[in-house]
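Shown next, in structure tokens, is the structure this report addresses.
What follows is calculated from the coordinates using simple rules that are stated; it is not laboratory data. Bear in mind the structure is a predicted one, so any value in this text is a computation, not a measurement. Here the Cβ is made from the backbone with ideal geometry for all residues, glycine too, and neighbour counts use every protein chain on show.
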Amino acid sequence: MSEEQKEGRISETNNSEKSASIIQIPISVIADRTVSILESIVEYLKDELKFNYHEIGKLTNRNERTIWTVYNRTTKKRSKTSKPTIASSVIKIPLSVLFDRKLSSFETVVEYLKEQLKFNYHEIGELTNRDERTIWTLYNRARKKRVA
């Protein structure tokens, strides 16, 4: 990576929420059931986009030690299973949806897909490789947390 690229990434991470809205996560990353949503996103940011722990922490509004732990946990899980290929997807989730820590990572993704992209529970279930009843539960849990 050139110095110019590094400087650009550092200036991007200084305004974390703004730069997180620029980064888009393909929905195929989230459809992996062998790891959690946060684990798959951290793995994608680290392995595919080549961000370091500190940058990922800033972009996701999490401590870099948490990111390190999540990534190491993912690496251990991947030693038992193979990493799925990331399909290029038309549907992408802005990383900025994870910035809000009031909800879980999956709740924020489901909320984004339901409210912003207007998908129904069945479609979200198909996209994320989850049962539509799980999606309904996550969305209602997110709504209740927003009201409280």
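Averaging 1/r across all pairs of distinct Cα atoms in the chain and inverting the result yields a Kirkwood radius of 15.9 Å.
The ranking of Ile27, Ile67, Ile86 from fewest to most other beta carbons within 10 Å of each one's beta carbon is Ile86, Ile27, Ile67.
Straight-line cross-link partners of Lys46 among the lysines, defined as a Cα under 21 Å from its Cα and at least 8 positions apart when in the same chain: Lys6, Lys18, Lys58, Lys76, Lys77, Lys80, Lys83, Lys92.
Count Lys and Arg as plus one, Asp and Glu as minus one, and take only other residues whose Cβ is under 12 Å from that of Ile86; the net charge is then -2.
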